[in-house]
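The values are calculated or read from the model by the stated rules, or taken from the named source; none is laboratory data. The model shown is predicted, which means the values in this text are computed figures rather than measured ones. Quick reminder, even Gly has a Cβ in these numbers, built from the backbone with ideal geometry, and neighbours come from all protein chains shown.
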């Protein structure tokens, strides 16, 4: 297990981005979301276990679970708001844009079940399941 320093305050650009989303969250939930997104950047992981250990250690597990259970975040609405914020931030309002999603499978051997981030996934190119990491990029075109 990799030990990391706890997140003590959100990154400024993350705070600006989260506040620009116009989500219906109270002040405490907004602060928690800022901490979660900041921790994703600092820890370099989307794994909830890594995020919770990077925020406050084991104490934060129940707080993080409570936040996701009661904040009422809708992933589709949150992503739409994030895209709208990015378009405003880059002064692209009124410009025709498209999102290009590219996912790539990084394959591993059958013995790699215990490596972090490796899962049993269906690869549409091979038309078969494999041990892999799925790396997803979203491009604004």
Notebook entry, point to check: With respect to residue 128, is the statement that it is modelled with pLDDT of 80 or more, in contact with a strand residue (DSSP E or B) (Cβ under 7 Å, 6 or more places away or on another chain) and either surrounded by 11 or more Cβ atoms within 10 Å (Cβ to Cβ) or more than 24 Å from residue 43 (Cα to Cα) (or both) true?
Noted result: no
Filtering the range 90-119 down to residues that are surrounded by 10 or more Cβ atoms within 10 Å (Cβ to Cβ) and within 20 Å of residue 45 (Cβ to Cβ) yields 103, 104, 105, 106, 108, 112, 113, 115, 116, 117, 118, 119
With the first residue restricted to the range 60-75 and required to be assigned by TED's automatic domain parsing to the domain that holds residue 33, and the second required to be modelled with pLDDT of 75 or more and part of a helix (DSSP H, G or I), Cβ contacts under 6 Å at 6 or more apart or on different chains are 67/32; 71/29
Scanning the range 11-45 for residues that are surrounded by fewer than 18 Cβ atoms within 10 Å (Cβ to Cβ), touching a helix residue (DSSP H, G or I) at 6+ places or on another chain (Cβ under 6 Å) and farther than 21 Å from residue 89 by Cβ gives none
